[in-house]
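Written out below as structure tokens is the structure these notes cover.
The values are calculated or read from the model by the stated rules, or taken from the named source; none is laboratory data. Because the structure is predicted, anything quoted here is derived from the model rather than measured. Please note: Cβ atoms are built from the backbone with ideal geometry, for glycine as well, and neighbour counts cover all protein chains shown. SASA here: full protein model, heavy atoms, side chains in, ligands and nucleic acids out. Shrake-Rupley method; radii C 1.70, N 1.55, O 1.52, S 1.80 Å.
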Amino acid sequence: MSRKSGSADQAAAMESAAEMANAGRLKQIRMAAGLVHRSNPRALPIVFGSALGILAVLVVVGLLTGLAVLLIPLGVLLGVLVGMILFGRFAQAAQYSAIEGQPGAAAAVLENMRGNWTVTPAIAANRNLDVVHRAVGRPGVVLVGEGSPTRLASLLAAEKKRVARVAYEVPIFEFQVGNEEGQVPISKLQRKVMRLPRNLKPAAVSDLNHRLKALQPSLQAPKGPIPRNIRQPKMPRPKTR
């Protein structure tokens with residue numbers, strides 16, 4: 001085989017890989033658009049209407065002022081940018097709506113947080129299937145409970161006491177996920193956790209993780225047969241921003 005034919009094969013392979021990648025991205029966008037439309041049928045018209053509205057305004061202003069050459073490209077860029085921002089927000093809201101109320105939804109949100117977080121789902125639970133998840137990061141230890149607020153209070157308190165034995169003076173934060181008074185809606189959980197103060201240095205976070213690994217799980221087995229079809233929900237993909 002000649003060098004020319006070899007380079008042609010390589011070019012064809014690269015072109016094929018690029019086409020597959022583009023097809024994958026288009027499929028992801030279509031999936032995200034479908035998820036957004038099912039969650040909120042008015043979302044996509046709002047996205048396209050806002051983008052086209054900005055473009056139309058700048059086109060008119062450009063034609064009236066004689067700056068069309070400058071303002072029309074600017075209108076295209078601003079329209080696309082605004083459309084992407086709105087689409088990302090609607091997509092994120094649709095993701096939270098899709099997992100809200102499912103067992104393990106809080107753990108799925110915690111595991112999708114940006115930054116150096118170590119998330120351990122279901123470190124504590126009771127026979128009523130109320131559950132506590134743990135996230136360790138720069139703020140310290142974050143305990144997040146899912147279930148009945150009346151039962152979670154004692155479950156979180158017991159887990160906080162257990163963690164404090166090895167965490168020493170590290171801050172421990174508690175949240176309950178839900179829509180009742182004193183609870184954090186699943187859509188606001190990530191924002192709430194990410195806004196916590198950065199109290200620890202990376203080395204201290206690593207040391208804290210090692211100490212927490214020594215703790216034995218405090219799960220209580222539920223009475224009766226254990227369901228086999230319960231899975232922790234995953235955040236719908238892709239997360240468009």
Seminar exercise, completed: Matching residues in the range 163-174 (surrounded by 12 or more Cβ atoms within 10 Å (Cβ to Cβ) and either more than 23 Å from the chain's Cα centre (by Cα) or in contact (Cβ under 8 Å) with a residue 40 or more places away in the chain (or both)) number 6
For this session: Mind listing whichever residues of the range 122-161 are within 24 Å of ASN199 (Cα to Cα) and open to solvent by 30 Å² or more (accessible area, probe 1.4 Å)?
Result: ARG138, ALA157, ALA158, LYS160, LYS161
Problem set entry | Scope the range 177-219; condition acidic (Asp, Glu) and either open to solvent by less than 50 Å² (accessible area, probe 1.4 Å) or in a helix (DSSP H, G or I) (or both); matching residues | ASP207
Problem set entry | Identity of the residue in the range 137-194, under 15 Å from GLY101 (Cα atoms) and among the hydrophobic types (A, V, I, L, M, F, W, C), that ends up modelled with the highest pLDDT | VAL144
Exercise. Which members of the range 25-68 meet the condition of being open to solvent by 40 Å² or more (accessible area, probe 1.4 Å), of a type outside the set (S, T, N, Q) and under 21 Å from ALA98 (Cα atoms)?
Worked result: LYS27, ILE29, ARG30, MET31, HIS37, ARG38, PRO41, ARG42, PRO45, ILE46
Seminar exercise, completed: Checked SER148, SER187 against criteria (over 20 Å from the mean Cα position of the chain (by Cα) and either of a type in the set (Gly, Ala, Ser) or closer than 15 Å to ALA105 by Cβ (or both)); the one match is SER148
Problem set entry | Subset of the range 193-208 (residues that are aliphatic (A, V, I, L, M) and within 12 Å of PRO139 (Cβ to Cβ)) | VAL193, MET194, LEU196, LEU200, ALA204, VAL205, LEU208
